[in-house]
1. Phe80: net charge of surrounding residues, Cβ under 14 Å, Lys/Arg +1, Asp/Glu -1, itself excluded?
2. Using a ≥ b ≥ c from the Cα gyration tensor of the stretch 1-122 (square roots of the eigenvalues), is it rounded, prolate or oblate, where a/c under 1.5 gives rounded and otherwise the larger of a/b and b/c decides, a/b for prolate?
3. Run the numbers for Leu63 and Ala82: contour at 0.36 nm per residue of separation, minus the present Cα-Cα distance, in nm.
4. If you place +1 on the Cβ of every Lys and Arg, -1 on the Cβ of every Asp and Glu, and leave all else neutral, what size is the dipole of the stretch 2-149 about its Cα centre, to the nearest 20 Debye?
5. With the convex hull built on the Cα atoms of the stretch 7-51, state its orientation-averaged projected area in nm².
6. Tally Lys and Arg at +1 and Asp and Glu at -1 over the other residues with C-beta under 12 Å from the C-beta of Thr65: what net charge comes out?
7. Evaluate the relative contact order of the stretch 2-149 (contact order divided by residue number), counting alpha-carbon pairs under 8 angstrom at least 6 apart; express in whole percent.
8. Assuming R0 = 35 Å, what is the FRET efficiency of Val19 and Ala128, from their Cβ-Cβ distance, to the nearest 0.05?
Amino acid sequence: ILNYAAALGIGVLVLQHIVGNEIAWPVPLVSFIVLVAVGADYNMLLVSRLREESTANIRLGVLRTVAYTGSVITSAGLIFAASMFGLMLGSIDVMVQIGFIIGIGLLLDTFLVRTIVVPALAALLGEASWWPGRVHRPAGEPDSTEGGLRVRHRVTVD
């Protein structure tokens, strides 16, 4: 949501104060819906991969996640932002404004939120990132919450 607020602020600055066109009333609503939906989608992709990679150590999981998904999320964000900026080539003011604000929001989401903010918060919060759940660890994996090696034994009954 901060991403949306920043994009809308940049949009108002550029479109209203520099260009001189007032923002049309549907622009903030459409921009909010698209940016929140795309942000949630990219966040699910990133966090699900982070959860998979964080079985041993969340900081190592963050590094692996950014390395493995960084190019995919960046490519998707750039392609979508370029398509939104393409709306600015038209002559309909509302579409130009929507294209500009969503395009800026997607660039902020791609280069700040998904590559810096979410991984940094996950690393800072550590195991609290998964509250109220937790990461399921395979037997013999280090348990970072207790600082030691916790081995789970499988008991079979004949």
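1. Combined, the nearby Lys, Arg, Asp and Glu give -1.
2. On the way: a/c = 3.01, a/b = 2.51, b/c = 1.20.
Verdict is prolate for the stretch 1-122.
3. Working: separation 19, 0.36 × 19 = 6.84 nm, distance 2.76 nm.
In short, 4.1 nm is gained.
4. Working: 7 positive and 10 negative charges, 36 e Å.
Its charge dipole is roughly 180 debye.
5. Values: hull surface 14.2 nm².
Here the figure is 3.6 nm², rounded to one decimal.
6. Working: positive: Arg49, Arg51, Arg59, Arg64, Arg114; negative: Glu52, Glu53.
For residues surrounding Thr65, the net value is +3.
7. Values: 149 pairs, mean separation 44.6, N = 148.
Relative contact order of the stretch 2-149: 30 percent.
8. Working: r = 44 Å, r/R0 = 1.27.
Efficiency computed from Cβ-Cβ geometry: 0.20.
Each value in this text was obtained by applying a stated rule to the coordinates, not by laboratory testing. What you see is a predicted model; the values in this text were computed from it and never measured. Here Cβ is always computed from backbone atoms with ideal geometry, including for glycine, and neighbour counts include all displayed protein chains.
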